[in-house]
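This report refers to the structure that appears directly beneath it.
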Amino acid sequence: MKPETIKIDDTEYVRKDSQEKYAQTLEGKPYVICRTQSAGVFSGYLHERNGQEVTLKRARRLWYWKGAASLSQAAMEGFSAPKECKFPCEVTLLSVLQAIEILYCTERAQKSIELVPVWKA
């Protein structure tokens, strides 16, 4: 979604109320979606990154989702069908190797992930 702009004296400004707000932070750390080479996709607070090793706090595995065409859309708009997604319980701390993509989430995206009920077998 492109933010609304206004042009004044040949300078274009973005309206403050049309900007996407990024997710809340935990201890100053952003909420992200992290895709790995072979372990899957996770969401959580980006605690630390060292090359391709990423540590997330309060992390959930995004095992199956519906209501977003891509992880990029999920990070910006969230999942429109949270009750049809399958995300297991949150873990306190998670380290993953071979992170290949980190997407910073908007507030709306974070809230939609939190709305997904804990999936259990």
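Taken together, the values in this text are just the output of simple stated rules run on the coordinates, not laboratory data. All values derive from a computational prediction rather than experimental measurement. Using ideal geometry, Cβ is built from the backbone for each residue, glycine included, and neighbour counts are taken over all protein chains shown.
Can you pull the percent of Cα pairs in segment 17-80 with separation above 16 Å? Spell out each step's value before the answer.
Working: 1011 of 2016 pairs.
Counting pairs separated by more than 16 Å, the tail of P(r) holds 50 percent.
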Roughly what would the spin-label model give for residue 111 and residue 92, points 7 Å off Cα along C-beta, in nm?
-> 3.0 nm
Set of segment 83-112 residues, backbone N closer than 20 Å to the point 7 Å along the Cα-Cβ line of residue 63 | 83-97, 112
Convex hull volume of the Cα atoms in the chain, per residue, in Å³?
-> 128 Å³
Given R₀ = 25 Å, FRET efficiency for residue 121-residue 26 by Cβ-Cβ distance, to 0.05?
-> 0.35
Along each of its three principal axes, how wide is the spread of alpha-carbon positions in segment 74-117, in whole angstrom units, largest first?
-> 29, 22, 15
Of 29/66; 86/111; 21/86; 57/83; 57/111; 29/83, pairs whose Cα-Cα distance is over 21 Å | 29/66; 21/86; 57/83; 29/83
What 222 nm value per residue comes from the helices of the chain, counting each DSSP H run with n ≥ 4 as -39,500 (n - 2.57) and dividing by all residues, nearest 500 deg cm²/dmol?
-> -3500 deg cm²/dmol
A chain fully extended from residue 52 to residue 100 at 0.36 nm per residue, minus the present Cα-Cα distance, gains in nm 16.6 nm
